[in-house]
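Trainee: Starting off with a structure, shown below.
The values are calculated or read from the model by the stated rules, or taken from the named source; none is laboratory data. Note that the structure is a prediction, hence the values are computed from the model and not measured. Positions of Cβ are generated from backbone atoms using ideal geometry, with glycine treated the same way; all protein chains shown enter the neighbour counts.
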Amino acid sequence: MMQPALVILGTRADPHVERVARELERRGAASVVVLDYLRDTRFALEQDSAGRGAFHVNGTRLPDAYVVWDRMKILPGTELYVPGDDDAARGYAAQEWRAFYRLLCGLGAQVVNSLASRACMIKPYQQAIAASVGFRVPPTLISNDKQSVQVFHREHERVIMKSVSAGKVGTVGDGGENIPYVVMTMQVAPEDLAAATAEELAYCPHFFQREIAKSHELRVVYVEDQLRAFRIESQRNERTALDWRKAIEIAGFSPTELDAGTAAKVHGFMQRMGLFMGSLDLIVDPDGQVWFLECNQDGAWGWLDDLVDGAVTRMFADGLTKRLRC
């Protein structure tokens, strides 16, 4: 009987892929296939006239049923981008690899996270689901209307702004690809809002939110039905107080335990979203109340894994092994 196969869409140069692939290979419970665009992977995906497919990777045919983990991080401006000196060629190659990965996710294989669960990861949608399972969520406004934003600011006094898409912006390279820079959380000063013209606000949608006072923050890594929580001492330094990503090296992370009520809400949220994995960001206010901010379905966790002797890697291996046996 052919061994079950996990197909990872990404590269072993990504430490998250390498950690999980190595652990699964150590266990020997499944064949691990990394469609690695940086390590000379050779494949052939063939379909006959009846639509039946055969997928060979490095000369070996995969079983008809396999599990796909989409860990695509082909980002220009990073070490995980397609190599080469010709920017136009790199841009085209990256585009083709992304398209091939999307194809594999849509061919009927079991995908974690599924295409359906990835369809709407926009923050307000997540917040609606989080509120439905009992989380507190900050009052939010998405608008390009200056008057509406000013009213919201007067109602809540301290307001922050984020991107609606949680996407990245930056300069455009010669190959036509955007060099990504993360849009960090920023405070909205009333004088800056007053100085902005109505036309400037109308240029695109903007995401505004009441700023929640913080005692500390939490990053919760969830895989299948397991989770690991980490306390973030973001308020000890001004650079990390608003957005700890601005100085992650000094944010101060430590393993912690969630209370039963918060853990149940995390499980409820992930189940409602249909997510196999994700990294959740929560705020604990000075009164000890927990607020939901967002969930990143592909959130980084490597440095947190080091704090718990590889326990996050083992969570991924456990969850993927369970899916492979389904």
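Trainee: Select from the stretch 127-147 the residues that are touching a strand residue (DSSP E or B) at 6+ places or on another chain (Cβ under 7 Å) and over 16 Å from T262 (Cα atoms) and list them in ascending order. Walk me through how you get there before you give the answer.
Mentor: To start, the set of residues in the stretch 127-147 that are touching a strand residue (DSSP E or B) at 6+ places or on another chain (Cβ under 7 Å) comprises 127, 130, 135-144.
Within the stretch 127-147, P138, P139, T140, L141, I142, S143, N144 meet the criteria.
Trainee: If you don't mind, there's one more thing I want to ask. Among the residues of the stretch 100-123, write down those that are surrounded by 15 or more Cβ atoms within 10 Å (Cβ to Cβ), aliphatic (A, V, I, L, M) and in a helix (DSSP H, G or I).
Mentor: Selection gives L104 alone.
Trainee: Can you find, within the stretch 1-32, the residue that is nearest to Q95 (Cα to Cα) among those that are among the polar types (S, T, N, Q) and part of a loop (DSSP other than H, G, I, E, B)? Show your work before the answer.
Mentor: Here is the first cut: in the stretch 1-32, the residues among the polar types (S, T, N, Q) are 3, 11, 31.
From the residues that got through so far, the ones that are part of a loop (DSSP other than H, G, I, E, B) too are 3, 11.
Working: Q3: 32, T11: 16 Å.
Top of the filtered list is T11.
Trainee: A further question follows. List the strands (runs of 3 or more DSSP E) inside the stretch 241-319, counting only whole elements, that have at least 2 residues being under 19 Å from the mean Cα position of the chain (by Cα) and surrounded by 14 or more Cβ atoms within 10 Å (Cβ to Cβ).
Mentor: Values: elements: 253-256, 277-284, 290-296.
Where strands (runs of 3 or more DSSP E) fall fully within the stretch 241-319 and carry at least 2 residues being under 19 Å from the mean Cα position of the chain (by Cα) and surrounded by 14 or more Cβ atoms within 10 Å (Cβ to Cβ), they are 277-284, 290-296.
Trainee: Check off (1) touching a strand residue (DSSP E or B) at 6+ places or on another chain (Cβ under 9 Å); (2) at positive phi for R61 and give me the number that stays unchecked.
Mentor: For R61, the exception is condition (2).
Trainee: Counting just the residues of the stretch 124-135 that are out of contact with any Ser or Thr (no Cβ under 7 Å at 6 or more places or on another chain) and buried (at least 16 other Cβ atoms within 10 Å of the Cβ), which one comes out modelled with the lowest pLDDT?
Mentor: Filtering the stretch 124-135 down to residues out of contact with any Ser or Thr (no Cβ under 7 Å at 6 or more places or on another chain) leaves 125-126, 128-135.
Adding the requirement that they be buried (at least 16 other Cβ atoms within 10 Å of the Cβ) leaves 126, 129-130, 133, 135.
Numbers: Q126: 93, I129: 96, A130: 97, V133: 98, F135: 98.
That would be Q126.
Trainee: Do we find that Q271 is out of contact with any helix residue (DSSP H, G or I) (no Cβ under 9 Å at 6 or more places or on another chain), under 24 Å from R236 (Cα atoms) and of a type outside the set (D, E, K, R) in this structure? If you could, list the steps in order and put the result at the bottom.
Mentor: Working: out of contact with any helix residue (DSSP H, G or I) (no Cβ under 9 Å at 6 or more places or on another chain): yes; under 24 Å from R236 (Cα atoms): no; of a type outside the set (D, E, K, R): yes.
Taking the combined requirement at face value, the residue does not satisfy it.
Trainee: S234: surrounded by 17 or more Cβ atoms within 10 Å (Cβ to Cβ), at pLDDT 95 or above and not assigned by TED's automatic domain parsing to the domain that holds Q187, yes or no? Don't jump to the end; show me each part of the working.
Mentor: Details: surrounded by 17 or more Cβ atoms within 10 Å (Cβ to Cβ): yes; at pLDDT 95 or above: yes; not assigned by TED's automatic domain parsing to the domain that holds Q187: yes.
In short, yes.
Trainee: Same structure, new question: So V220 fits all but one of (1) surrounded by 14 or more Cβ atoms within 10 Å (Cβ to Cβ); (2) in contact (Cβ under 8 Å) with a residue 24 or more places away in the chain; (3) of a type outside the set (G, A, S); (4) closer than 21 Å to Q187 by Cβ; what number is the exception?
Mentor: Among (1) surrounded by 14 or more Cβ atoms within 10 Å (Cβ to Cβ); (2) in contact (Cβ under 8 Å) with a residue 24 or more places away in the chain; (3) of a type outside the set (G, A, S); (4) closer than 21 Å to Q187 by Cβ, V220 violates only (4).
Trainee: Condition first: in a loop (DSSP other than H, G, I, E, B) and small (G, A, S). Now tell me which residues in the stretch 33-51 satisfy that.
Mentor: S49, A50, G51
Trainee: Could you check the stretch 61-90 and list, in sequence order, the residues that are outside any loop (DSSP other than H, G, I, E, B) and within 19 Å of A13 (Cα to Cα)? It would help to see each step written out before you state the result.
Mentor: Just the residues of the stretch 61-90 that are outside any loop (DSSP other than H, G, I, E, B), to begin with: 61, 67-70, 87-90.
Result: V68, W69, D70, R90.
Trainee: Still on this model: Taking the stretch 84-123, which residues are out of contact with any Cys (no Cβ under 6 Å at 6 or more places or on another chain), without any contact (Cβ under 8 Å) to a residue 24 or more places away in the chain and under 30 Å from M161 (Cα atoms)?
Mentor: If the condition is that a residue be out of contact with any Cys (no Cβ under 6 Å at 6 or more places or on another chain), without any contact (Cβ under 8 Å) to a residue 24 or more places away in the chain and under 30 Å from M161 (Cα atoms), then A119, C120 are the ones that fit.
Trainee: Let me ask another. When you scan the stretch 210-217, do you find a residue that is modelled with pLDDT of 95 or more, under 20 Å from G299 (Cα atoms) and not small (G, A, S), even just one? I'd like the intermediate steps shown before the answer.
Mentor: Filtering the stretch 210-217 for residues modelled with pLDDT of 95 or more gives 210-217.
When the remaining residues are screened for being under 20 Å from G299 (Cα atoms), the result is 216-217.
After this cut, where a residue has to be not small (G, A, S) as well, the list is 216-217.
Yes, there is a match, as at least one residue in the stretch 210-217 is modelled with pLDDT of 95 or more, under 20 Å from G299 (Cα atoms) and not small (G, A, S).
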